[in-house]
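Engineer: Dropping the structure in here first, questions after.
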Amino acid sequence: MMTVESGDSKREFVGYIRIANQPKIELRVMATSTHEARSLVTEQYGEGHVIVMWNEEDASRPSRPR
């Protein structure tokens with residue numbers, strides 16, 4: 001499991017990465033946004049993999065009507 005140092009405005013993002021012919025790797029990253037979380041994972045593992053990240057607080061918050 002990957003962990004990155006946290007700052008004041010960072011939140012925990014969880015998810016996983018799938019690298020061809022390997023088991024899924026679970027991730028836990030401290031970042032300010034989903035985009036930053038994905039970027040940190042890409043820096044660690046490289047381009048071209050399936051990366052799924054989410055923030056538990058955002059996922060549990062009711063969505064607003066559109």
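Values in this text are rule-based calculations from the coordinates and carry no lab data. Small disclaimer: the values here were computed from a predicted structure and weren't measured. So basically every Cβ, Gly included, is an ideal-geometry build from the backbone, and we count neighbours across all protein chains shown.
Engineer: What list of ³J(HN,Hα) values in whole Hz, one per residue of the stretch 43-54 in order, does the Karplus curve 6.51 cos²θ - 1.76 cosθ + 1.60 (θ = phi - 60°) give from phi, with Gly and Pro shown as x?
Structural biologist: Karplus values, whole Hz, x for Gly and Pro: 4, 6, 10, x, 7, x, 10, 7, 10, 10, 9, 8.
Engineer: Pop a pseudo-label 7 angstrom from the Cα along the beta-carbon direction at both N21 and T34 and give the gap in nm to one decimal.
Structural biologist: Modelled inter-label distance: 3.2 nm.
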